[in-house]
Amino acid sequence: LLFLFGVLARRLCQRRRARAPTANASRMAVETPRSGVVWLFQSKGGNGWYDFNAHACGQLEESFSKGMQSVELDIRGSRYQIRFDEMRQVCLDDPHKKRRVWRREVLNLTRPASGQLPPLLAEADKPQARLQCGSEVVEILQRFFNWREVPWSQDRRHRAGAEGVPKGYRVLSVVRLWDSQRWKEFCQARGEIAAATSSDNCRKVEAATSVLEPCFLEEGDKLDAQCNERYLFHGSTVVKDIVDKNFDPSKSKESSRLLLGGQKSYFTEFAGKADEYAGGGNGKLEMLLCRVVLGKQWCTSAPGLSEAEKADLDSKLRDKQFHSAVAFRSRTTQLSEFAVADPCLIYPEFWITYSRVE
């Protein structure tokens with residue numbers, strides 16, 4: 001009985017400390033993590049990432065930099081072990097509770113100088129235009145391309161027979177695209193979804209590409225958070241056809257080969273993942289950075305869906321019960337994939353030409 005009383009007393013003290021942080025803990029919470037790095041943990045269900053507080057980030061980065069195999073932290077009254085070799089956190093009070101962790105470099109990107117980024121809406125009087133971006137825009141995207149090492153996946157083997165991933169990427173050129181008719185259709189679809197959604201029925205989507213928004217968006221032209229408009233990458237062997245004729249989800253691969261089924265266009269927040277599907281010639285590859293309205297999302301972290309489940313998802317997207325589907329690959333790359341069936345919810349804005357550094 002004394003032993004049980006001691007255990008309960010320690011748990012109670014831990015919870016009180018978690019609920020009523022000291023003045024020192026409050027001060028630590030606003031400190032900047034070391035070395036321009038933040039640490040994140042996977043959300044429950046595996047559909048996103050959340051930041052550790054700044055104090056925990058500092059402890060994790062210090063332990064990681066020292067080459068330690070793991071470190072233990074008190075988080076909200078529970079004791080966790082963060083294992084750096086697995087990049088996983090384990091609750092020591094309940095070892096079945098495990099989540100992935102991610103060490104992410106903080107990108108400090110600045111808006112390109114005047115003339116480096118041709119204004120998109122300045123071409124509104126023209127039906128179409130292709131605007132060459134300057135070297136500062138190329139540098140911004142190159143830093144983002146090489147921001148995170150993308151884990152190897154089966155998709156890379158299936159498409160290119162590769163057993164590894166490139167060491168990095170070199171962005172060669174960036175073209176900003178204008179198409180007045182496509183933009184009009186996109187804005188109309190975006191407005192309809194924004195009017196029909198709210199914070200109660202539309203979960204907010206966090207994407208790593210949010211760091212690009214201050215660099216590329218003009219005054220009065222912001223991505224609409226109400227309808228989950230985000231910048232996302234799309235890799236394809238037919239980029240020119242997409243630019244000329246728009247996305248055509250009906251030409252996607254057969255349903256059995258795709259995680260969320262066919263008849264959809266797929267996107268990712270990381271260029272290294274989109275690179276798996278990119279095509280080109282003479283050592284040059286192409287991909288698109290698009291504005292995508294995700295609206296209300298259907299989410300899953302399952303490793304795969306049956307054909308019946310894919311058909312049910314198709315029906316829900318057609319009936320507008322959901323506007324997009326999000327799959328978090330928790331067992332492989334730890335990356336989210338976004339799928340959209342309606343091409344009006346996509347506006348390809350940047351045409352990127354790049355090469356791989358092997």
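The values are calculated or read from the model by the stated rules, or taken from the named source; none is laboratory data. Quantities reported herein were computed from a predicted structural model and do not represent experimental measurements. Heads up, the Cβs are rebuilt from the backbone with ideal geometry, glycines too, and the neighbour counts pull from every protein chain shown. Areas reflect the complete protein model, heavy atoms only, side chains present, ligands, DNA and RNA absent. Shrake-Rupley method; radii C 1.70, N 1.55, O 1.52, S 1.80 Å.
Across the stretch 294-358, the relative contact order, built from alpha-carbon pairs under 8 Å that are at least six residues apart, equals 33 percent. In whole percents, the pair-distance distribution calculated for the stretch 256-355 from its alpha-carbon pairs, binned every 5 Å from zero, is 2, 12, 22, 23, 18, 13, 6, 2, 0.
Measuring only protein heavy atoms, the 1.4 Å probe finds Arg148 accessible over about 40 Å². One quarter of the convex hull surface built on the alpha carbon atoms of the stretch 203-312 amounts to 8.6 nm², the projected area averaged over directions. Projected onto their three principal axes, the Cα atoms of the stretch 66-151 cover extents of 63, 28, 24 Å, largest first. Computed from phi, the 3J(HN,Hα) profile of the stretch 99-112 under the Karplus parametrisation 6.51, -1.76, 1.60 (θ = phi - 60°) reads 9, 6, 10, 9, 9, 10, 6, 7, 8, 9, 9, 10, 5, x Hz, with x in place of Gly and Pro.
When each of the peptides 205-218, 66-79 is scored by the mean number of other C-beta atoms lying within 10 Å of its residues, the order from highest to lowest reads 205-218, 66-79.
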